[in-house]
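Reviewing the structure listed below.
Each value in this text was obtained by applying a stated rule to the coordinates, not by laboratory testing. Worth saying up front: this structure is predicted, and the values here are computed from it rather than measured. Backbone-built Cβ (ideal geometry, glycine too); neighbour counts: all protein chains shown.
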Amino acid sequence: MDRTETRPIELPPAIRGLNLFTTDRDLQRRLARRSPDLLPRFGERLAAFGAWVGDAVEAQADYTSRHAPPRLETHDGQGAPVGRVVLNAEYRACHAEAYRRGVVGLAYGPEPAPHLLSFVMGGVLSQADVSLHCPVTLTGAVAWVLDRLAPDPVRARWLPQLTRMDGQALTGGTWATELHGGTDVAATTTVAEPDGGAWRLTGLKWFTSNAGAGIALATARPRGAPDGARGLGCYLVPSALPDGTQNRLHVRRLKDKVGTCGLATGETVLDGAWAVEVAPPPHGLKAMLEALEYSRVHNAFGAAGLHRRALLESLAWTSHRRVGGTLLRETPMMRDALLDLAATQEASAALAFEAAEAFEAPGEDPVVEGWRRTAVALAKYWTAAEATAAAAQAVEIVGGNGYTEEWPTARLYRDALVTAVWEGPANVQALEFLRAAIGRLPGDQAFLGRVAGILDSAPESLQPVAARLRPVLESCRAAFVHLRARPEDGPRLARKLMHPAAELLAAALMLEEAAADLTAGDRRKALLAGRFAARLDPEGGIDLAEDPLHALFDDVIGQGACPA
């Protein structure tokens, strides 16, 4: 990335039309550090993607959410039930265009990009439309599982249909949730029966996002298989059969959701639906969990993207709104609010990147797997919580207008809520964190080593920030020791430990980035890292001193440069 541009970015009154990639210098710097080859290969493509998302996708998202959400066509002209999802033309066009631009397909082919590229594009997409990012995520999750776990004939037949970049790609779904509960997948009641070389699935999938998808992964239990997780298989269910006729499935109802109103989410009935096996029992649940883990990384990037949009809307409003002749962004309280939004957003983005890097790390070594699952659980939980809080803050900052559907902040807030629910809410992530950190996997040691390594290697000028984090690190260390000795306390303490652990990791990653930027002569990140670390300081009281960030506000908030 070209670091010669040091002037702060100035925002127009409205975000629509803004390039959501090129205006995010923090993202570009993080890409350059984390994946140095990615920007030279795909920088122009990302810039074009950011321009498209900020304009066409944003306009479509507003139109779809307010005026043309999905609807269900229950019967055909002859009165026969069809359960067909009808989407407006603008949504369909943007959905197809996302795949044409490579949001899934670039990670495959003869010269595949790292999946980090797909995650980054998902984060940009979420700044305009989570209702598009969700099906993109599901499609990517199905492709991920097929590429890694499916038998060769299944992979060869179906994976290219998901990864093609000609605008004709099939879109995906992951169907695990049933009426008895979303997290209790082991109690799946959908039945699979053999049909020659294929299978027939019968059951009800209760919460199928991207309803009407071209192809989906579904958990089911072969007749006669044992109860519980070991009896589950994982199957690929196309909406149309290989001969082009409709498969025996239909959407019986669309969910009336609080947010992501542009996304069709329904209840899908499998009435002897034709399917092919991806993973037989006892490996079916593991295959579905692979898809969910992929989606959780996307969720973290989507949450960080929503958070950034909340910051952008807040900045745009306060940069052009005057009260008593003074721009809102020039008032001390508003500057504090905006700086806090910026610090937590950059911490969220850093945490999402850490999860992506851990997720793609090669090997099945217990240390690698433990860190993968630990980092993903922490990122999924914390970024979602912060995105929801940031979206609510944006509504408050804009005020009355921000509470109306004519303003994007209302949609932003409603959509942000899904990031906490999708692919496991906080308690589910806490249990996953527990399994990864103190079970058979050494996630606790990987976590402690990662954070301690950052704190110990921080330059002398950042050691005061590191010192604020060390008590939290030692508190986490003591909790891990306790849980190793008394694992029966895990369900009681998992969430109490997960929150400070996630926040500590995010703060350490900010410190790591600050050290890199200081080497390049820029102390902007160091200032934000210090501000963010202050929220973890148990001894911190009300600071009555002048805030040095206020004097550098324009450069810090506008992602300019603050010479060291």
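In this simple spin-label model, placing a label point 7 Å from the Cα along the Cα-to-Cβ direction at both residue 78 and residue 45 gives a separation of 4.5 nm. Distance from the Cα centroid of region 118-164 to that of region 305-374 is 25 Å (rounded to whole angstrom).
Given the Cα-Cα distance of residue 166 and residue 154 and 0.36 nm per residue of separation, how much length would full extension add, in nm? Mind showing how you got there, number by number?
Working: separation 12, 0.36 × 12 = 4.32 nm, distance 2.13 nm.
Length difference between fully extended and current span is 2.2 nm.
The charge dipole of the chain, taken about the Cα centre with unit charges on the Cβ atoms of Lys, Arg (+1) and Asp, Glu (-1), comes to about 840 debye, rounded to the nearest 20.
As a test of the formula, what do you get for the chain when each DSSP H run with n ≥ 4 contributes -39,500 (n - 2.57) and the sum is divided by the residue count, at 222 nm and rounded to the nearest 500 deg cm²/dmol?
Numbers: 18 runs with 305 residues, N = 564.
One gets -18000 deg cm²/dmol as the mean residue ellipticity at 222 nm.
Computed FRET efficiency, Cβ-Cβ of residue 445 and residue 401, R0 35 Å: what is it to the nearest 0.05? Walk me through the intermediate numbers first.
Values: r = 50 Å, r/R0 = 1.42.
The value I calculate is 0.10.
For region 421-506, the alpha carbon convex hull comes to 93 Å³ per residue, rounded to a whole number.
Placing dummy labels 7 Å off each Cα toward the beta-carbon, the span from residue 179 to residue 367 is 5.0 nm.
Relative to its Kirkwood radius, the Cα radius of gyration of region 1-116 gives an Rg/Rh of 1.12. The angle between the Cα long axis of helix 115-126 and the main principal axis of the chain comes to about 80°, on a 0 to 90 degree scale. Between residue 484 and residue 9, the modelled labels are 4.3 nm apart [label points 7 Å from Cα along Cα→Cβ]. Calculated FRET efficiency, residue 477 to residue 111, Cβ-Cβ distance, R0 = 35 Å: about 0.25 to the nearest 0.05. Listed from fewest to most Cβ neighbours within 10 Å, the set 193, 546 follows the order 546, 193. Under 5 Å from the amide H of residue 560 lie the amide H atoms of 9, each residue being 5 or more positions distant or on a separate chain, with H modelled from the backbone and absent for Pro and chain starts.
What number, in nm² with one decimal, is the all-direction average of the projected area of the convex hull of the alpha-carbon atoms of region 287-557? Could the numbers behind the result be given before it?
On the way: hull surface 62.7 nm².
If I average the Cα hull's projected area over directions, I get 15.7 nm².
This model, with +1 at the C-beta of Lys and Arg and -1 at the C-beta of Asp and Glu, gives region 287-557 a dipole about its Cα centre of some 540 debye. Short-range pairs are left out: with C-alpha atoms under 8 Å and at least six residues apart, the relative contact order of region 201-264 is 32 percent.
3J(HN,Hα) couplings calculated from phi for region 366-382 with the Karplus curve 6.51 cos²θ - 1.76 cosθ + 1.60 (θ = phi - 60°) are, in sequence order, x, 5, 5, 5, x, 5, 4, 5, 5, 5, 5, 5, 5, 5, 4, 5, 6 Hz; Gly and Pro show x. Residues 340, 76, 152, ranked from the fewest to the most other C-beta atoms within 10 Å, line up as 152, 76, 340.
Derived scalar couplings between HN and Hα for region 298-307 equal 4, 4, 5, 5, x, 5, 4, x, 4, 4 Hz in order, rounded to whole Hz, by the Karplus curve 6.51 cos²θ - 1.76 cosθ + 1.60 (θ = phi - 60°), x for Gly and Pro. This ranking places 517, 227, 543 by how few other beta-carbon atoms lie within 10 Å of each, fewest first, which gives 543, 227, 517. Computed extension length for residue 336-residue 86: 85.5 nm, one decimal, from 0.36 nm per residue of separation with the Cα-Cα distance subtracted.
Between residue 539 and residue 147, the FRET efficiency estimated from the beta carbon spacing at R0 = 35 angstrom works out to 0.10.
With θ taken as phi - 60° and the Karplus curve 6.51 cos²θ - 1.76 cosθ + 1.60 applied, the whole-hertz 3J(HN,Hα) list for region 138-145 is 5, 4, x, 5, 5, 4, 4, 5 Hz, x standing for glycine and proline. Normalised by the number of residues in the chain, the mean separation of alpha-carbon contacts (under 8 Å, six or more apart) gives a relative contact order of 14 percent.
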